[in-house]
Amino acid sequence: MLSPILLVKKTSNKKTGPMAVTIANAPGTCPSECPFFNAGCYAQQGPSGIHSIRAKQAANDLGAFIRDLPHAGKIRHFVSGDLMLDDEVNVPLINEMVSAHADRPDVKGYGYTHAHKRPEISAQHLNSAESLTYNASCESDEEVETALKQGWPVVRVVAKDTPKVVEMPMYLQVVCPATYKDDVSCDKCMLCAKKDRKRRDGKPVVVAFPVHGAQSAKAAANVLAKQVAA
Ligand code: SF4
């Protein structure tokens with residue numbers, strides 16, 4: 001089951017910095033349980049939304065694209081979109097991505113999935129290649145703790161005014177520095193590409209993203225509703 005993907009060798013996206021990116025259609029490749037599904041998703045707005053629509057038509061060969069990247073290259077997987085197709089886990093796509101990264105241990109790749117609760121997706125398989133880190137995207141504390149126990153590197157969405165560092169009982173929550181510092185981009189930081197990110201005492205580090213985008217009020221309401229319900 002292959003889905004159209006835009007493959008970009010070097011993006012001009014300021015947030016990621018110059019690196020390779022892949023773009024899939026949102027919400028066509030997203031899980032329906034994502035709280036932003038057709039409800040405040042940044043990937044359906046502005047330039048991301050335009051790329052996401054173009055990705056509907058794009059041809060792709062993700063494996064060959066990863067294998068052909070320059071030595072020690074960096075790649076952010078699915079700036080928009082996820083690992084699904086028509087609300088089913090795209091297992092062939094996942095296998096192709098993992099296998100290509102296993103062939104290229106020098107190419108550092110990372111991505112995020114809202115589909116981490118699907119039984120066909122496992123933290124261990126998606127993170128089995130040394131050069132690929134796949135994060136579980138969570139919203140509530142309960143979700144974060146469950147994902148950590150399952151072995152996922154975890155990121156989460158938080159309210160706009162959340163402090164930069166919050167000591168949680170099970171993890172340390174750190175706000176992504178690119179959200180408040182102009183001189184930080186992913187290619188310099190690469191924190192999300194560290195699958196075993198921990199503080200010195202062994203406490204896992206969870207990266208937090210304050211809600212953003214033109215529909216942030218809608219997104220914030222969805223996240224808040226989920227946090228209250230959890
Ligand atoms: S924490 Fe670092 S790698 Fe992750 S999104 Fe922010 S800048 Fe990029």
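The values are calculated or read from the model by the stated rules, or taken from the named source; none is laboratory data. Computed from a predicted structure; not experimentally measured. Reconstructed Cβ throughout: ideal geometry from the backbone, glycine too, with neighbour counts over all protein chains shown.
At a glance:
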| item | result |
| --- | --- |
| Flag if ARG156 is within 21 Å of PRO31 (Cβ to Cβ), assigned to a loop (DSSP other than H, G, I, E, B) and basic (Lys, Arg) | no |
| GLU167 in contact (Cβ under 8 Å) with a residue 12 or more places away in the chain, of a type outside the set (Val, Ile, Thr) and more than 16 Å from the ligand (Cβ to nearest atom) | no |
| Test: GLN227 is modelled with pLDDT under 95, more than 9 Å from the ligand (Cβ to nearest atom) and in contact with an Asp or Glu (Cβ under 7 Å, 6 or more places away or on another chain) | yes |
| Complete set of residues in the stretch 89-119 that are of a type in the set (D, E, K, R) and more than 15 Å from SER32 (Cα to Cα) | GLU96, ASP103, ARG104, ASP106, LYS108 |
| GLU96 among the acidic types (Asp, Glu), more than 16 Å from the ligand (Cβ to nearest atom) and buried (at least 16 other Cβ atoms within 10 Å of the Cβ) | yes |
| Residue in the stretch 127-167 that is farthest from TYR110 (Cα to Cα), counting only those that are surrounded by fewer than 16 Cβ atoms within 10 Å (Cβ to Cβ) and basic (Lys, Arg) | LYS160 |
| Candidates THR133, THR162, filtered to the one that is hydroxyl-bearing (Ser, Thr, Tyr), assigned to a loop (DSSP other than H, G, I, E, B), within 15 Å of the ligand (Cβ to nearest atom) and touching a residue at least 12 places away in the same chain (Cβ under 8 Å) | THR162 |
| Residue that is farthest from the chain's Cα centre (by Cα) [pool: residues in the stretch 86-101 that are assigned to a helix (DSSP H, G or I) and over 21 Å from ALA193 (Cα atoms)] | PRO92 |
| Check on PRO70, surrounded by 15 or more Cβ atoms within 10 Å (Cβ to Cβ), outside any helix (DSSP H, G or I) and at pLDDT 80 or above | no |
| Verdict on LEU85 being modelled with pLDDT under 95 and surrounded by fewer than 22 Cβ atoms within 10 Å (Cβ to Cβ) | yes |
